[in-house]
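Right, one structure below, let's go through it.
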Amino acid sequence: MVTKYSEIFFSRLGGPIFAERLVSGLSEPDRQRLGTIMLTRHYEKGQTIFARDSIPAEILFVKEGSAELKCGDPPGRTRLVTVGEIIGLTETLAEAKHCDTLTAKTDCEMSVISRDDLIWYLRHTPEACYRSLEIVAENLHMARELAIGDY
């Protein structure tokens, strides 16, 4: 578990993570298994979905609507989160604090997977585990390139 606040802003490492990238190529039984661990949650326009410095216990997948990700640093910078995007994958796996605040821009419907269920799924689905690792590694690589330039 990441116990100290990190200056690495996970939400901006390599840009948005889209669900299609994680699930494309998975077998039908693996997709069905994923469906069994997802819950649906509704957020109303203006509702805070998560706040900066909270430690996530779940990942979110935007099914309908949109949300605004308000960056903690630099203050005031925002990004629109749209249908198909997964939020909190890296933070949830690392048990790291959210660096940003996510607020529903419209009424939103989200699929939610708890950290425990996500880890269970990754342990039982090697292809999904590999894809998750690949995305996190690519995002870290892109963050490094942005921070220090090409090497």
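The values are calculated or read from the model by the stated rules, or taken from the named source; none is laboratory data. Just so we're clear, the structure is a prediction, and the values are computed from it rather than from any experiment. Backbone-built Cβ (ideal geometry, glycine too); neighbour counts: all protein chains shown.
Within the stretch 85-116, the set of residues being in a loop (DSSP other than H, G, I, E, B) and closer than 16 Å to Glu58 by Cα comprises Gly88, Glu95, Ala96, Lys97, His98, Cys99.
Of all residues in the stretch 142-150, none are part of a strand (DSSP E or B) and of a type outside the set (A, V, I, L, M, F, W, C). All of (1) in contact with a helix residue (DSSP H, G or I) (Cβ under 9 Å, 6 or more places away or on another chain); (2) at pLDDT 90 or above; (3) assigned to a helix (DSSP H, G or I) hold for Leu22 with one exception: (2).
Of (1) crowded, with 16+ Cβ neighbours inside 10 Å; (2) in contact with a helix residue (DSSP H, G or I) (Cβ under 8 Å, 6 or more places away or on another chain), Ala57 satisfies all except one. Which? Against the list (1) crowded, with 16+ Cβ neighbours inside 10 Å; (2) in contact with a helix residue (DSSP H, G or I) (Cβ under 8 Å, 6 or more places away or on another chain), Ala57 comes up short only on (1).
Check the stretch 71-80 and report whether any residue there is among the polar types (S, T, N, Q), at pLDDT 90 or above and surrounded by fewer than 18 Cβ atoms within 10 Å (Cβ to Cβ). The answer is no, given that none of the residues of the stretch 71-80 is among the polar types (S, T, N, Q), at pLDDT 90 or above and surrounded by fewer than 18 Cβ atoms within 10 Å (Cβ to Cβ). Test Ile135 against the criterion of being touching a residue at least 24 places away in the same chain (Cβ under 8 Å) and part of a helix (DSSP H, G or I), and give yes or no. Answer is yes for this residue. Could you tell me whether Arg123 is in contact (Cβ under 8 Å) with a residue 60 or more places away in the chain and not in a strand (DSSP E or B)? Criteria not met by Arg123. Close Cβ contacts (under 9 Å, 6 or more residues apart or on different chains) running from residues in the stretch 29-50 that are more than 16 Å from Arg115 (Cβ to Cβ) and in contact (Cβ under 8 Å) with a residue 60 or more places away in the chain to residues that are in a helix (DSSP H, G or I) and among the polar types (S, T, N, Q) are absent. Residue-level check: of (1) in contact with a helix residue (DSSP H, G or I) (Cβ under 9 Å, 6 or more places away or on another chain); (2) charged (D, E, K, R); (3) more than 23 Å from Ser132 (Cα to Cα), Arg52 misses just (1). Scanning the stretch 98-122 for residues that are touching a helix residue (DSSP H, G or I) at 6+ places or on another chain (Cβ under 7 Å) and either surrounded by fewer than 16 Cβ atoms within 10 Å (Cβ to Cβ) or not hydroxyl-bearing (Ser, Thr, Tyr) (or both), we see that the one that is farthest from Ala51 (Cα to Cα) is Leu122.
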